[in-house]
1. Using a 10 Å cut-off on Cβ atoms, rank the peptides B:454-464, B:191-201 from the highest mean neighbour count down.
2. Return the calculated 222 nm mean residue ellipticity for the protein assembly as shown, to the nearest 500 deg cm²/dmol, obtained by summing -39500 (n - 2.57) across DSSP H runs with n ≥ 4 and dividing by the residue count.
3. For segment B:52-91, just say rounded, prolate or oblate: build the C-alpha gyration tensor, square-root its eigenvalues into a ≥ b ≥ c, call rounded for a/c under 1.5, and beyond that prolate if a/b exceeds b/c, oblate if not.
4. Describe numerically, in nm with one decimal, the distance between label points set 7 Å from Cα along Cα→Cβ at B:ASN117 and at B:GLU385.
5. Given H placed on each backbone N at 1.01 Å, which residues far from B:VAL470 in sequence or on other chains put an amide H within less than 5 Å of it?
6. If you average the sequence gap of Cα pairs under 8 Å that are 6 or more apart and divide by the length of segment B:14-179, what percent do you get for the contact order?
7. Which number gives the lysine pairs in the protein assembly as shown that have C-alpha atoms under 23 Å apart and are eight or more places apart or on different chains?
8. Relative contact order for chain B: what percent, with Cα pairs under 8 Å and sequence separation of 6 or more?
Amino acid sequence: MTAHIEVHLKPAEGALLRTLGLIQRRGFSVTEMRLESVEFGQRLHCSVVGDGRCVDLLTRQIGRLHDVERVERAAAEPWPLGVHGMAAMVASQATPSMSAVPAEARR
Amino acid sequence: MNSATTTARRPSKRTTHRGADLFVRCLRELGVDVVFGYPGGAIMPIYDALPQSGITHILTRHEQGAALAADGYARASNRVGVCMATSGPGATNLVTGLANSMLDSVPVVAITGQVPNALMGTDAFQEVDVFGMTLPVVKHSYIIRRAEDIPFVLAEAFHLAREGRPGPVLIDVPKDVTVVEVPPSLTLPHFPPRPATAVPAVMQAGQLMAGARRPLFYLGGGIELAACEGHIRELVDQTGFPFVATLKGLGAVPTDHPQAMGMLGMHGHQAANLAVQESDLLIVAGARFDDRATGKLDEFAPHARVVHLDGDAAEIGKLRRADIGLAGDLGSNLQALSAAWQSLPAPSIEPWLQRCRELRQRHAWRYDAPGEFIYAPALLKTLSERGHDRLTIACDVGQHQMWVAQHCRFRRPRTHLTSGGLGTMGYGLPAGMGAKLACPEETVVVVSGDGSIMMNIQELATLNRYRIDVRIVLLDNSSLGMVRQWQELFFAGNYSEIDLSDNPDFAALARVFGLQARSIDRRDQVEDAIDWLLDEPGPSLLHVRIDPRANVWPLVAPGCNNADMMEGDAR
């Protein structure tokens, strides 16, 4: 099951690498991510999948990183146009052609 | 002789205050008195500033020795251990030591030289991305990009190494940062410790304890790290509950305490493992349900509810669900739990205490092994008794490590230094060296094996150079004993690459390095040899030949229930 998390990173060298590395080492795959600059540091939105792994535990492990200001689980996909959004958009077009839909949206 | 040659040979007299001077001054102001390290190109400016600093530098013979010595220094003293090395191979040689400190939550600050900022990313000579390479094995890390950041980075690094769950912190220092001039007015910031408070769920934990019929404390290394052994001893005495300890929890409460059941786990005491399996409440303090302690997790303590106290919130519920999780300052929570306990009616647990006494009696260690060879458990018991509780024992990794845990007595915290998480062969000698420098009044004994000692044998030269009074007991079974034991039991006796029968003459080797040494191979030599080892000033080495077929018992096979313990012949 996919979980969505939002990590507020301090403006520190290696903060992003450290956080992504931890997510992967703890048995999760990052399936989608977006990084944006904010007033103090960066905000990382990411979707993660970890079969049989506990997402709440992952957020606690991320939260203890010194580079992390705070971490939250997002209720829904944070993407303005995620995979499902893309599919809906394509479906709403007049003459949709499946070949025009990105492969991941067809799954 | 031309003037250029003359200039090159003349010692330069520095009048400026460079980044390196600031760096070393900050170390001193942070209370650093000993640094373990090895110099090289990129870190030379810091070494140039060291001699005037008042800091004692211990030149190890390998950077891994420096990292593990810093770990031993930190464990024995509860202060931050410091090691340093140059860029490239110097830095990579520190990595095993950092991983060792990370897995056992030891406060260490590692300083690495780095090529200048402008050369980073160009594959320069001795350039390696040690910051990236060590991300999984440090609590935090820095690259100092500007000399004026030195005081902040150092102060924060030392704070982070100790704060909360301790761990290693790496500081990578590009060379240009250390040679630029800096204003002498730069000062260290202060990082106050976080206020320690107890969590409200303590009362619920107390109620579970008051309602339990077969309660058991499960004590881990977090108690020593938090230096809250006084609080746990008080709680153990108040409640009268029996307790088990993990490998790293030994000594938090004296191992010969009347309520002690022994070490749990793969090579734990049978009484301890059975008590855990029968308990209805585990009060877990500073432990993390490591697989070597729990055996098959699904069948671990099947009847027990769990109260889990830990300094690290991410450990609560990681492997075993906690009915009550008390995250935060361990000492404060133990104190509050003690107060809650006193306000509640004590449970009637006499049948359980009787059962625990029976388990202890039935499974008491025996030292009457047949045969001619020296019996290692009996020798270690004798060593421990003759040490009269003034020993700090630093172990290596293997069979001897388990025998020390089983048969030596630990009445004081921070006197059993062992590589529990990473299982680093080669840990014992440098760790013992660090411990002796941290606590000169202690008698430090390294217990090693013939496999492990060779992993950092070069540090005998460090012992001799500084005449560090470490006594070494080398248990020699001419093989990689723990691997051999597993091949015997789980790989149908297919002995693969475990033979060390061509070992050097260890006593002669130690003498070449400048140590005193003796070698024994008969039981009637043991007492005299141990008296010699403990009474004569060191550094010294006692080489003990033991039965190559000796195994560590009991043993819970990997992936099995802790109640299913294998037993075999004592040799």
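Where a number appears in this text, it was derived from the coordinates with a stated rule and is not lab data. Just so we're clear, the structure is a prediction, and the values are computed from it rather than from any experiment. Neighbour counts run over all protein chains shown; Cβ positions are idealised from the backbone, glycine included.
1. With the highest mean Cβ count within 10 Å placed first, the list reads B:454-464, B:191-201.
2. So the helix-based figure for the protein assembly as shown works out to -10000 deg cm²/dmol.
3. Oblate.
4. 6.4
5. B:SER540
6. Relative contact order for segment B:14-179 comes out at 27 percent.
7. 10
8. Across chain B, relative contact order equals 14 percent.
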